[in-house]
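Contents: one structure, followed by commentary.
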Amino acid sequence: MQTMEKRLSVHVSTPYDVVICRGALQNLGAYIRNVHKGTSLMVVTDSHVEKWYLEEAAASLRAAGYRVETFVFPAGEESKCAKTYLALLNALAEKGLTRTDLIVALGGGVVGDMAGFAAATYLRGIPYVQIPTTLLSMVDSSVGGKTAIDLPAGKNLCGAFYQPALVLCDPDVLATLPEDVFCAGCAEVIKYGFIGDRALLESILHMPIRQQPEEIIFRSVAMKRDIVQKDERDTGLRQLLNFGHTFGHAIEKLSKYTLSHGQAVAMGMDMMCKAAVRRGFCDAQVTDLMEKLLRAYGLEQKVPFSAADIYRTALQDKKRDAECVALVIPVRPGTCELKKVSVSDLLFFAEEGLKA
Ligand code: GLY
């Protein structure tokens with residue numbers, strides 16, 4: 001079923017639209033025709049999404065007159081590596097894609113990040129569109145132009161800022177998402193609420209995100225849009241989007257990626273709320289609300305690592321300078337502030353974040 005679309009324009013160095021519309025995947029070809037006049041394209045997807053949506057997407061693209069090539073890789077974070085990236089570049093070259101052709105990233109964050117990075121670097125840059133198929137990629141990773149692959153030393157250590165020509169979200173595809181993967185995306189929605197939209201927190205507390213996906217995706221993307229328009233290259237304000245991520249990334253890495261990004265970010269946000277209350281930045285209504293929301297979305301889980309391990313791993317994060325780390329600290333539900341803390345202070349935050 002196709003319903004009325006919601007559309008947001010993102011005014012950055014290369015502007016583009018984010019479209020949210022149920023049933024949009026059936027009309028993928030027509031949407032792409034509006035932004036791309038070339039003849040050939042490469043649909044990049046993973047082995048999970050392939051089963052559900054590749055055929056439908058490719059059929060719509062062929063009907064719109066495109067020559068459609070496909071590149072499918074095994075699902076999972078471990079595929080977001082140099083080996084798969086080089087295989088994708090080779091496939092693009094073998095199929096003869098040129099600078100006037102297009103990459104279509106059909107999938108979650110791993111697909112979007114890697115296909116986007118291939119688009120940024122193949123022939124020194126060809127256009128790409130993001131068709132996110134998870135809640136997390138709809139509300140976060142598909143918007144804002146961050147593309148990357150992982151290195152053995154850490155996540156997203158090799159990448160580029162490179163904006164898509166279009167982001168097309170079809171909330172109907174969320175129906176086939178496993179519950180834990182859906183809930184991982186809810187963690188990022190909770191993040192948006194805490195950093196800037198208290199009404200969003202109330203809304204998702206009273207009505208499940210599954211029952212109002214278009215509205216929630218729209219409000220989350222609107223907030224991200226407003227932030228990246230002011231700080232496209234992540235030198236200041238955009239760091240607000242890292243609420244819960246300093247400890248979250250460390251937890252994710254310590255778990256050897258057996259914990260999903262969303263689960264780890266949920267733990268990181270909970271730690272930051274607890275530490276912020278203990279340090280007097282905010283009162284207990286922040287931790288109460290965070291805990292209620294994490295419980296409601298199946299994200300309440302004990303952190304399985306020590307403060308010392310989380311601290312040590314967080315220090316390897318690329319988002320820090322020699323002496324300081326920028327932490328996102330809640331001051332009340334719906335408002336966070338960026339605060340530079342010394343590297344040594346970070347250990348105290350980790351310890352206080354783990355106290356019951
Ligand atoms: N996911 C955080 C950012 O795009 O900056």
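The values are calculated or read from the model by the stated rules, or taken from the named source; none is laboratory data. Bear in mind that the values here come from a model prediction, so they are computed numbers and not experimental data. Backbone-built Cβ (ideal geometry, glycine too); neighbour counts: all protein chains shown. Surface accessibility is based on the protein's heavy atoms, side chains included, excluding ligands, DNA and RNA. Shrake-Rupley method; radii C 1.70, N 1.55, O 1.52, S 1.80 Å.
Scanning the stretch 278-296 turns up no residue that is within 16 Å of the ligand (Cβ to nearest atom) and either within 19 Å of Leu346 (Cα to Cα) or surrounded by fewer than 23 Cβ atoms within 10 Å (Cβ to Cβ) (or both). Do we find that Val328 is free of Cβ contacts under 8 Å to residues at least 40 places away in the same chain and either open to solvent by 20 Å² or more (accessible area, probe 1.4 Å) or not in a helix (DSSP H, G or I) (or both) in this structure? Taking the combined requirement at face value, the residue does not satisfy it. Filter the stretch 17-29 for residues that are outside any loop (DSSP other than H, G, I, E, B) and not β-branched (Val, Ile, Thr); which is surrounded by the fewest Cβ atoms within 10 Å (Cβ to Cβ)? So the residue we want is Gln26. Here Lys292, Lys302 are screened, and the one residue that is under 14 Å from Ile190 (Cα atoms) and either at pLDDT below 95 or in contact with a helix residue (DSSP H, G or I) (Cβ under 9 Å, 6 or more places away or on another chain) (or both) is Lys292.
Okay, residues lined up against (1) closer than 29 Å to Lys253 by Cα; (2) touching a Phe, Trp or Tyr at 6+ places or on another chain (Cβ under 6 Å); (3) polar (S, T, N, Q):
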| site | (1), (2), (3) |
| --- | --- |
| Ser47 | yes, no, yes |
| Tyr53 | no, no, no |
| Val72 | yes, no, no |
| Gly76 | yes, no, no |
| Leu86 | yes, no, no |
| Ile149 | yes, yes, no |
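Residue selection: Thr258 satisfies the criterion of being without any contact (Cβ under 8 Å) to a residue 12 or more places away in the chain, more than 16 Å from the ligand (Cβ to nearest atom), open to solvent by 20 Å² or more (accessible area, probe 1.4 Å) and farther than 18 Å from Val189 by Cβ. Do the conditions hold for Val181, that is, is it open to solvent by 20 Å² or more (accessible area, probe 1.4 Å), within 30 Å of Thr313 (Cβ to Cβ) and part of a helix (DSSP H, G or I)? Here the answer is yes, as Val181 does meet what is asked. For Phe218, are the conditions met, namely being of a type in the set (Phe, Trp, Tyr), closer than 30 Å to Met4 by Cα and in contact with a strand residue (DSSP E or B) (Cβ under 8 Å, 6 or more places away or on another chain)? So Phe218 fits the description; yes. Screening Met138 against (1) open to solvent by less than 20 Å² (accessible area, probe 1.4 Å); (2) under 28 Å from Lys292 (Cα atoms); (3) within 15 Å of the ligand (Cβ to nearest atom); (4) free of Cβ contacts under 8 Å to residues at least 60 places away in the same chain leaves a single unmet condition, (4). Of the residues in the stretch 112-121, at least one is in contact with a helix residue (DSSP H, G or I) (Cβ under 6 Å, 6 or more places away or on another chain), open to solvent by less than 20 Å² (accessible area, probe 1.4 Å) and within 15 Å of the ligand (Cβ to nearest atom). Tell me whether the stretch 302-310 contains one or more residues that are outside any loop (DSSP other than H, G, I, E, B), open to solvent by 50 Å² or more (accessible area, probe 1.4 Å) and over 23 Å from Cys183 (Cα atoms). Looking through the stretch 302-310, at least one residue is outside any loop (DSSP other than H, G, I, E, B), open to solvent by 50 Å² or more (accessible area, probe 1.4 Å) and over 23 Å from Cys183 (Cα atoms). Scanning the stretch 141-167 for residues that are part of a loop (DSSP other than H, G, I, E, B) and within 16 Å of the ligand (Cβ to nearest atom) yields Ser142, Val143, Gly144, Gly145, Tyr162, Gln163, Pro164. Name the pairs: first residue in the stretch 216-229 and closer than 15 Å to Pro171 by Cβ and open to solvent by 30 Å² or more (accessible area, probe 1.4 Å), second residue within 11 Å of the ligand (Cβ to nearest atom) and assigned to a helix (DSSP H, G or I), Cβ to Cβ under 8 Å, at least 6 apart or on different chains? Short answer, once both residue conditions are applied: Arg219/Tyr192. Taken over the stretch 30-50, the criterion of being among the polar types (S, T, N, Q) and surrounded by 18 or more Cβ atoms within 10 Å (Cβ to Cβ) is satisfied by Thr45 alone. Of the numbered criteria (1) over 23 Å from Tyr122 (Cα atoms); (2) within 22 Å of the chain's Cα centre (by Cα), the one Ala30 fails is (2). Could you check, for the stretch 224-243, whether at least one of its residues is more than 28 Å from Asp321 (Cα to Cα) and within 16 Å of the ligand (Cβ to nearest atom)? No; the residues of the stretch 224-243 include none that is more than 28 Å from Asp321 (Cα to Cα) and within 16 Å of the ligand (Cβ to nearest atom).
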